[in-house]
Amino acid sequence: MNEPGVQSLLDQETLDERVRNGDTPDWVAAHWRSFREGLLGERNGTPFPCFFGAESVRDGEPLYTAVPSMSDADALLTLRDRILEYLEIYRERGGRTSLVTFFKPPEDALSEREYHDALWHILQTLHCHDPEPWPEDVPTDPDDRHWEFCLGGEPMFPTCRAPFYDQRKSRYCPIGLEITFQPRALFENLGVTADTQAGQQARDVIQDRLEGYDGVCPHADLGDWGVEGDREWPQYLFSADETQAPDSCPITVTREHPKPGARLS
């Protein structure tokens with residue numbers, strides 16, 4: 001961890017130091033400043049809605065990696081390796097250690113539809129080159145309320161920020177795509193899953209803050225894993241314009257392992 005180079009795994013202190021010293025590309029520095037200011041600042045007099053995430057950044061807990069492309073195969077295979085590296089160590093680092101990934105912005109501005117396409121291309125590529133089989137206790141159908149993205153045998157919640165949000169500023173990043181990977185175990189260890197009183201209280205606080213921070217009602221797709229009627233996949237990258245977002249989950253998940261034709265390093 002903390003090796004030189006854009007695609008290494010960095011702790012927050014190292015990332016911040018490299019940005020301050022000018023040792024990162026401009027786009028990485030811009031991502032870090034936007035992410036830090038978004039989670040630690042206020043909007044409309046309201047702090048960032050997810051207080052777990054804000055407290056984690058305040059305390060320097062997340063790990064970070066920067067990815068030079070949203071489509072290049074080698075870049076995405078390297079991202080896979082960084083996620084697997086993160087999964088090996090996140091438990092020993094504490095209960096709120098998520099993995100934040102900054103993607104290099106494209107030369108030309110993308111539409112909302114293109115950002116949705118990019119996210120699902122990234123997740124599909126990770127799945128097709130997963131060195132571990134899909135967990136037996138996780139459905140492969142994204143329309144199942146117990147489905148969630150998995151890699152390395154770990155169910156996780158990838159939540160995104162992107163440039164196309166005009167109002168929903170809690171999901172806004174002016175630089176490019178960001179994905180924060182949070183293993184399901186983080187929520188379970190914190191006792192904030194939907195089936196606990198603490199989880200329901202946390203959701204109430206987050207929804208109240210969302211309305212104040214964004215100035216609009218919480219998104220209609222906001223829900224909880226495992227709750228009847230809720231689905232995980234639309235929450236990864238909320239739609240701003242429904243006509244630009246996919247109607248069904250654009251990923252094909254299979255238990256076949258290893259995947260035919262997948263190039264594993």
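The values are calculated or read from the model by the stated rules, or taken from the named source; none is laboratory data. Nothing here was measured: the structure is a model prediction, and the numbers come from that model. Reconstructed Cβ throughout: ideal geometry from the backbone, glycine too, with neighbour counts over all protein chains shown.
Numbers below:
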{"quantity": "Hits in segment 80-105 - residues which are under 13 Å from the mean Cα position of the chain (by Cα), under 16 Å from Leu151 (Cβ atoms) and of a type in the set (A, V, I, L, M, F, W, C)", "calculated": "Ile83, Leu99, Val100"}
{"quantity": "First in segment 156-171 and within 17 Å of Gln182 (Cβ to Cβ), second anywhere and basic (Lys, Arg) and in a strand (DSSP E or B), Cβ under 7 Å, 6 or more apart", "calculated": "Arg171/Arg161"}
{"quantity": "Cβ pairs under 9 Å, 6+ apart, first in segment 83-95 and without any contact (Cβ under 8 Å) to a residue 60 or more places away in the chain, second crowded, with 16+ Cβ neighbours inside 10 Å and not small (Gly, Ala, Ser)", "calculated": "Arg93/Asp11; Arg93/Glu61; Arg93/Leu63; Gly94/Glu61"}
{"quantity": "Residue match in segment 179-195 (condition: modelled with pLDDT under 85, out of contact with any Lys or Arg (no Cβ under 6 Å at 6 or more places or on another chain), over 22 Å from Leu99 (Cβ atoms) and surrounded by fewer than 18 Cβ atoms within 10 Å (Cβ to Cβ))", "calculated": "yes"}
{"quantity": "Test: residue in segment 100-120 that is touching a strand residue (DSSP E or B) at 6+ places or on another chain (Cβ under 9 Å), crowded, with 17+ Cβ neighbours inside 10 Å and more than 19 Å from Pro174 (Cβ to Cβ)", "calculated": "no"}
{"quantity": "Residue in segment 111-130 that is touching a Ser or Thr at 6+ places or on another chain (Cβ under 6 Å) and either farther than 22 Å from His257 by Cβ or of a type in the set (Lys, Arg) (or both) present", "calculated": "no"}
